[in-house]
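Chemist: Just dropping this structure here.
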Amino acid sequence: MKPTIFSTFICLALCTGLIPAANVDDVRAVKKGHGILINPPGFPPFPRPSTTVPAGATATGAIPTSLPLDNIQSDILIGMRKKKELFFFFGIENAADFKTKLKSEILPRVTSTKKLLDDDKLTIALNIAFSQAGLNKLDISEPDLRDTEFKNGQFSDSANLGDGADAKTWLSPFKGTSIHGVILLASDTIENIDTTLKSLKSALGSSITEIHSLQGAARPEHEEGHEHFGFLDGISNPFVAGFDDQSKALPGQAQVPAGEILLRETGPGWAKDGSFLVFRQLQQLVPEFNKFLADHPVGPESLTRDERSQLLGARMVGRWKSGAPVFLTPNRDDPELARDSSRNNDFTYMLAGDDDSKTGSQKRCPFSAHIRKTRPRDDLTTSQHHIIRGGTPYGPEVSGIEASSNITKDERGLAFVCYQSNIADGFKFIQKFWANNENFVRGNTGFDPIIGANLGSPRDVFGLDPDDLTRKFTMMDFVVSKGGEYFFSPSLSAIRDKLSV
Ligand code: HEM
Ligand SMILES: *[C@@H]1O[C@H](CO)[C@@H](O)[C@H](O)[C@H]1NC(C)=O
């Protein structure tokens, strides 16, 4: 551990007997396991609440104001680490009945961030969030949450997101505003989830109806933590001020004020410490993606054909499947770098002495690469539009028949979830003005090859061939939007005092 203001404080505190020695280990420890959460190599260490450090520590200036973690739902600040996660979308049939049951049946099971972090014997975590249609149904539409996208719902935004006005790839439950809320259930086993869901359903009775559900799960064994294309996902999420001690921020991690993720001062009073949850059911056409890589190898002839195909995939994402950033290791994977969370996010796209078009920089990592499009780091002079991603893969592994035919049979993809305090500045900005904008990060960048959406038409992408950065690749959508909704994930006290009776 590098000597920081924080470790100096620990030392001082120890010497003066401020905290017992056992706590120091506690503060430093990287937790090995947690019933509900995965912890694959390369992921950031489990966060610890800053409240593990005694009050009074602020005197050193090292400890930021801590957030009320016992009042913030558990999914918001944790990131993409659930073993199993069910998304249960419901409509409210009887508002009065639902409001009573929200207090008596649901609230006692809602998991706070503090609970999730402190109780590693927890077997199930429950979160709940509401759409605008749901808040209307509950008669809580005024004062509104001051977010136009939330207010109108995601279906009316589908064309803005590149999905096409007719949203023809969308599942019918997401078309319209019939979804009033979503319950997120996370656990280590599907059985736990099923049991909990069953008892919830019987407790809620006819106050709600099920509209749609999606079972997500971390992929098996060595693929744990990897999305279905095969890339480690969940490495880079912003460090939220006040969530943990400043010394825990990892090199290269974006540091954002809590107000960028949580409603702190911006919404009506009751909404404080809630967050907007954007949900997207994003199908991934994995055999088709793999065929595209196989058909378009790039890079040095000294590599094997397969290595050159893997290089194309790595350049599309900006990271190798292991998680190692191509900017740091442009021609071959570096699994050791990938495993080290203090190094695997520690880079900017700047190259000293590079020309204006950043040719040298692009040779290492295309402007179009998914991680460069969605977080351009020093390509922009201001750092904003941050989200915390908390999704989970869904659907089966690719079967032998699918792999050999190059055609998807069973649906699989990413149950994409992200949190932000303003949808237009967060998810929507990134999707619309960055991923789908052919002239971002610079002119002639093309679409984000992973999530860029062109109203269902093929997408042009540049920069993928390191030996010819102007070469154009035209590709189908490998990620297909099946729809989604905009939700608000309220604080526990808002559920108790405002939403329920
Ligand atoms: C099926 C769809 C998607 C796949 C397969 C995917 C995959 C990935 C992968 C492999 C990474 C790199 C690992 C990491 O930094 O955690 C990543 C990072 C990221 N993705 Fe996605 N993603 C998808 C959808 C989205 C969407 C819809 C958005 C937002 C509109 C998004 C925003 C981001 C951001 C902000 C990062 C972090 C970039 C950084 O900090 O360097 N992703 N994604
Ligand atoms: C699948 O794609 C690969 C790579 O293009 C090709 O060699 C193979 O023949 C394809 N298989 C089928 C059944 O089309």
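Every read-out reported here was derived from the displayed coordinates using simple, explicitly stated rules and does not represent laboratory data. Everything numeric here is computed off the predicted structure, so don't read it as measured data. So basically every Cβ, Gly included, is an ideal-geometry build from the backbone, and we count neighbours across all protein chains shown.
Chemist: Would you kindly work out the equivalent ellipsoid of the range 62-202 from its C-alpha gyration tensor and give its semi-axes, the square roots of five times the eigenvalues, largest first in whole Å?
Modeler: Rounded to whole Å, the semi-axes are 27, 19, 18.
Chemist: Could you tell me what a quarter of the Cα convex hull surface of the range 221-290 works out to, in nm² with one decimal place?
Modeler: Across all orientations, the range 221-290 yields a mean hull projection of 7.4 nm².
Chemist: Could the peptides 418-431, 390-403, 119-132 be put in order, highest first, of the mean number of other beta-carbon atoms found within 10 Å of their residues?
Modeler: 418-431, 119-132, 390-403
Chemist: Give the residue from 416, 404, 67 lying farthest towards the positive end of the charge dipole for the chain; charges sit on Cβ (+1 for Lys and Arg, -1 for Asp and Glu) and the dipole is referred to the Cα centre.
Modeler: 67
Chemist: Then there is this: Scanning the chain for helices, which whole DSSP H stretches are 30 Å or more long along the axis (Cα) and average 0.5 or more by Kyte-Doolittle?
Modeler: Answer set is empty.
Chemist: A follow-up question, please. I'm checking a number: the convex hull volume of the Cα atoms of the chain, normalised per residue, in Å³. What is it?
Modeler: Convex hull volume per residue, Cα atoms: 149 Å³.
Chemist: To one decimal place, what Kirkwood hydrodynamic radius in Å is obtained for the range 248-389 from all pairs of distinct Cα atoms?
Modeler: Answer for the range 248-389: a Kirkwood hydrodynamic radius of 17.4 Å.
Chemist: First select every other residue whose beta carbon is under 11 angstrom from the beta carbon of residue 418; then total the charges, Lys and Arg +1, Asp and Glu -1.
Modeler: Result for the local shell: +2.
Chemist: Let me ask something else about it. Starting from the amide H of residue 84, placed 1.01 Å from N in the peptide plane, find each other amide H under 5 Å away whose residue is 5 or more places distant or on another chain.
Modeler: Correct list: 187, 218.
Chemist: Sort all Cα-Cα distances of the range 352-456 into consecutive 10 angstrom bins from zero, then give the percent of pairs in each bin up to the one containing the longest distance.
Modeler: 13, 35, 30, 18, 4
Chemist: If you wrap a convex hull around the alpha carbons of the range 403-446, what volume per residue comes out, as a whole number of Å³?
Modeler: 113 Å³
Chemist: Determine the dipole magnitude for the range 66-217: charges of +1 sit on the beta-carbon of Lys and Arg, -1 on that of Asp and Glu, nothing else is charged, the reference point is the Cα centre, and the result goes in debye to the nearest 20.
Modeler: Around 260 debye, computed over the range 66-217.
Chemist: For the chain, what is the relative contact order in percent, using Cα pairs closer than 8 Å and at least 6 residues apart in sequence?
Modeler: 23 percent
Chemist: Arrange the peptides 105-112, 488-495, 338-345 so that the one whose residues have, on average, the most other Cβ atoms within 10 Å appears first.
Modeler: Listed from highest to lowest mean packing, they are 488-495, 338-345, 105-112.
Chemist: Sequence-distant or interchain residues sharing an amide H contact under 5 Å with residue 239, placed H: which?
Modeler: Result for residue 239 returns 254, 255, 256.
Chemist: Provide the net charge surrounding residue 496, with neighbours chosen by a C-beta distance below 12 Å and charges set as Lys +1, Arg +1, Asp -1, Glu -1.
Modeler: In short, +2.
Chemist: Same structure again: Once the other residues with Cβ under 11 Å from the Cβ of residue 151 are scored (Lys, Arg +1; Asp, Glu -1), what is the net sum?
Modeler: Summing Lys/Arg as +1 and Asp/Glu as -1 gives -3.
Chemist: Taking 0.36 nm per residue of separation and subtracting the Cα-Cα distance, what length does fully extending residue 307 through residue 210 add?
Modeler: Result: 30.3 nm gained on full extension.
Chemist: Work out the length of the dipole vector of the chain about its Cα centre, built from +1 on the beta-carbon of each Lys and Arg and -1 on the beta-carbon of each Asp and Glu, and round it to the nearest 20 debye.
Modeler: 500 debye
Chemist: Let me ask you something else. Pop the C-beta distance of residue 265 and residue 433 into the FRET formula with R0 = 35 Å and round what comes out to the nearest 0.05.
Modeler: So the FRET efficiency works out to roughly 0.90.
Chemist: Reported to two decimal places, what Rg/Rh ratio describes the range 116-262 when computed on Cα atoms with Rh from the Kirkwood expression?
Modeler: Result: Rg/Rh = 0.99.
Chemist: Let me ask something else about it. Could you point to the residue in 108, 266, 365 farthest towards the positive end of the chain's charge dipole, with +1 and -1 charges on the Cβ of Lys/Arg and Asp/Glu respectively?
Modeler: Farthest along the dipole direction, towards plus: 108.
Chemist: By what distance, in whole Å, do the Cα atoms of the range 85-132 stretch along each of the three principal axes, largest value first?
Modeler: Cα extents, longest axis first: 36, 21, 17 Å.
Chemist: Would you work out the Kirkwood radius for the range 403-501? I mean one over the mean of 1/r across all pairs of different Cα atoms, in Å.
Modeler: Kirkwood radius, the range 403-501: 16.5 Å.
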